[in-house]
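These notes are about the structure you will find just below.
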Amino acid sequence: MSKFSSQEIESQYNLIKTLLSNPEKYKDAIDAVKKDITYMPLELKKKLEEENITL
């Protein structure tokens, strides 16, 4: 697995928060993220868990 920079993690985190801010509008994108969650960096998964953000 490759290592991700904190900037990349933060960028992905912000994208997910944006998508979840309007789930009706971004339903397809949210579904795509859900399918790819197994490939998500562990750091990002931990950050989402800390914020109680679930997909």
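The values are calculated or read from the model by the stated rules, or taken from the named source; none is laboratory data. Please read these numbers as outputs of a predicted model, since none were measured by experiment. Virtual Cβ from ideal backbone geometry, glycine too; neighbours counted across all protein chains shown. Ligands, DNA and RNA are stripped out before the accessible areas are found, and what is left, the full protein with its side chains, is counted by its heavy atoms. Shrake-Rupley method; radii C 1.70, N 1.55, O 1.52, S 1.80 Å.
Whenever you get a sec, compute what percent of the accessible area on the chain sits on carbon and sulfur atoms (1.4 Å probe). Write down the numbers at each step before the final one.
Working: 2250 of 4410 Å².
Reported share for carbon and sulfur atoms: 51 percent.
Per residue of the chain, what 222 nm ellipticity follows from adding -39500 (n - 2.57) for every DSSP H run with n ≥ 4, rounded to the nearest 500? Write out the running numbers ahead of the final one.
Values: 3 runs with 34 residues, N = 55.
Mean residue ellipticity at 222 nm (helix-derived): -19000 deg cm²/dmol.
Taking a spot 7 Å from the Cα of E49 along the direction of its beta carbon, which residues of the range 18-33 have an amide N less than 14 Å from it?
Correct set: none at all.
Counting only heavy atoms of protein chains, what accessible area per residue, in Å², does the chain have with a probe of 1.4 Å?
80
Which value, in Å² rounded to 10, gives the accessible area of S6 with a 1.4 Å probe and all protein chains present?
Looks like 100 Å² after rounding.
Per the Kirkwood definition applied to all pairs of different Cα atoms, how many angstroms is the hydrodynamic radius of the chain?
Values: mean 1/r = 0.0865 Å⁻¹.
About 11.6 Å for the chain.
Per-residue accessible area for K46 at 1.4 Å probe radius, Å² rounded to 10?
Its accessible surface works out to 120 Å², give or take rounding.
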